[in-house]
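Engineer: Okay, here's the structure, questions in a sec.
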Amino acid sequence: MTTSSTFKASSADGYELIMGRWSRRLVEPFLDFSGWRDGERVLDAGCGPGNLSFALAERTTTTTIEGVDFASTYVEHATQRNRDPRITFRTGDICALPFDNASFDRVLSLLVLHFVPKTKEAVAELRRVARPGATVAAAVWDARGGFVANRIFFDAAAVVDEDGAQRRAKNYTRPMTRPGELAAAWRTAGFADIREAMLPIRMEFKSFDDYWTPYLSQDGPGAEYVATLDAAKRTRLQDLVRASYLDGEPDGPRSYVAIAWAVAGSAPA
């Protein structure tokens, strides 16, 4: 299947290490911001291994949830985890959602749109499947100014070689990650009653190994870059990242702030 995402997806375990543990933490303030009601039909667009869907189900009793993701390995993992008959997962493209017009009472997308090159098409699809008056909400990381753990890695990569520098530039200029960009996209798409917010969480690591190991998996842009390096460059990168992580103190726990931009609006009639 042709996808509209640039996120390198290989395994749910790899996703859990690099992002799943943090998406579960971000889910709670995102749901507080975007809202929910019992009895709704909700779309989780870009569901990954299902963290948003499962968290929403815990807050409601009669809501039904459809999760869609381009990565079949994530969808399979979510399906295997699922014990709730109200939740269904399927493989699909956020730029061509497999649902009829006006199918959902609430449409949510968490940590997805910044990996979609054709964001205008994706936002149009989120609007298309939302019923008139339905809330459509999304959140993405503030990659340039509010994502410290990620910045440590890519600033080091930019020192290793030109490819690392180019990947850093790409990472910090992904669509929807700059101030006001999500809200502007929502206005262009014709949503009403638009609200914006910054959603902060903390990312806590037990040690440098806890921080570094996810980059040795096969999921996400950092691991994708590491996989291109020869042994010497990989060692160079690891040494640079370790120096930034230690930051003059012995190895051990570290806590970094991570900020997501969020937007919500009502689908027009």
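The values are calculated or read from the model by the stated rules, or taken from the named source; none is laboratory data. Please read these numbers as outputs of a predicted model, since none were measured by experiment. Here the Cβ is made from the backbone with ideal geometry for all residues, glycine too, and neighbour counts use every protein chain on show.
Engineer: Output the number of residues of region 64-77 satisfying the condition of being at pLDDT 95 or above and touching a helix residue (DSSP H, G or I) at 6+ places or on another chain (Cβ under 7 Å).
Structural biologist: 3
Engineer: Give me a count of the residues in region 198-241 that are in a helix (DSSP H, G or I), more than 14 Å from D155 (Cα to Cα), in contact (Cβ under 8 Å) with a residue 60 or more places away in the chain and among the small types (G, A, S).
Structural biologist: 2
Engineer: Could you list all residues from region 99-122 that are polar (S, T, N, Q) and more than 19 Å from A183 (Cβ to Cβ)?
Structural biologist: Once the filter is applied, which keeps residues that are polar (S, T, N, Q) and more than 19 Å from A183 (Cβ to Cβ), region 99-122 yields N101, S103.
Engineer: Let me ask something additional. Is there a residue in region 79-88 that is at negative phi, surrounded by 22 or more Cβ atoms within 10 Å (Cβ to Cβ) and not β-branched (V, I, T)? Break it down stepwise before answering.
Structural biologist: First pass over region 79-88, keeping only residues at negative phi: 79-88.
When the remaining residues are screened for being surrounded by 22 or more Cβ atoms within 10 Å (Cβ to Cβ), the result is 87.
Add one more test, that the residue is not β-branched (V, I, T), and what stays is none.
The answer is no, given that none of the residues of region 79-88 is at negative phi, surrounded by 22 or more Cβ atoms within 10 Å (Cβ to Cβ) and not β-branched (V, I, T).
Engineer: Give the residue that is modelled with the highest pLDDT, with candidates limited to residues of region 209-235 that are surrounded by fewer than 18 Cβ atoms within 10 Å (Cβ to Cβ) and in contact with a helix residue (DSSP H, G or I) (Cβ under 6 Å, 6 or more places away or on another chain).
Structural biologist: K233
Engineer: Quick one: would you say A157 is surrounded by 17 or more Cβ atoms within 10 Å (Cβ to Cβ), touching a Lys or Arg at 6+ places or on another chain (Cβ under 8 Å) and touching a residue at least 60 places away in the same chain (Cβ under 8 Å)? Reasoning before the result, please.
Structural biologist: Values: surrounded by 17 or more Cβ atoms within 10 Å (Cβ to Cβ): yes; touching a Lys or Arg at 6+ places or on another chain (Cβ under 8 Å): yes; touching a residue at least 60 places away in the same chain (Cβ under 8 Å): yes.
Here the answer is yes, as A157 does meet what is asked.
Engineer: With the requirement that a residue be hydroxyl-bearing (S, T, Y) and under 19 Å from S266 (Cα atoms), what does region 64-109 give you?
Structural biologist: S103, S109
Engineer: All but one of (1) within 18 Å of L52 (Cα to Cα); (2) modelled with pLDDT of 95 or more; (3) surrounded by fewer than 22 Cβ atoms within 10 Å (Cβ to Cβ); (4) out of contact with any Asp or Glu (no Cβ under 8 Å at 6 or more places or on another chain) hold for T91; which doesn't?
Structural biologist: Among (1) within 18 Å of L52 (Cα to Cα); (2) modelled with pLDDT of 95 or more; (3) surrounded by fewer than 22 Cβ atoms within 10 Å (Cβ to Cβ); (4) out of contact with any Asp or Glu (no Cβ under 8 Å at 6 or more places or on another chain), the lone unmet condition for T91 is (4).
Engineer: Tell me whether region 100-114 contains one or more residues that are farther than 18 Å from S34 by Cβ and under 18 Å from the mean Cα position of the chain (by Cα).
Structural biologist: Checked against the condition, which is being farther than 18 Å from S34 by Cβ and under 18 Å from the mean Cα position of the chain (by Cα), region 100-114 yields no hits at all.
Engineer: For region 179-197, give me the residue count where each residue is without any contact (Cβ under 8 Å) to a residue 60 or more places away in the chain and either touching a helix residue (DSSP H, G or I) at 6+ places or on another chain (Cβ under 9 Å) or not in a helix (DSSP H, G or I) (or both).
Structural biologist: Final tally of qualifying residues: 1.
Engineer: Which members of region 178-195 meet the condition of being acidic (D, E) and within 17 Å of the chain's Cα centre (by Cα)?
Structural biologist: Across region 178-195, the qualifying residue is only E181.
Engineer: In region 100-124, which residue that is assigned to a loop (DSSP other than H, G, I, E, B) and either at positive phi or among the acidic types (D, E) (or both) is surrounded by the fewest Cβ atoms within 10 Å (Cβ to Cβ)?
Structural biologist: Of all residues in region 100-124, those assigned to a loop (DSSP other than H, G, I, E, B) come to 100-103, 111-112, 116-118.
Narrowing further to those that are either at positive phi or among the acidic types (D, E) (or both): 100, 102, 111.
Numbers: D100: 9, A102: 15, L111: 22.
The residue in question is D100.
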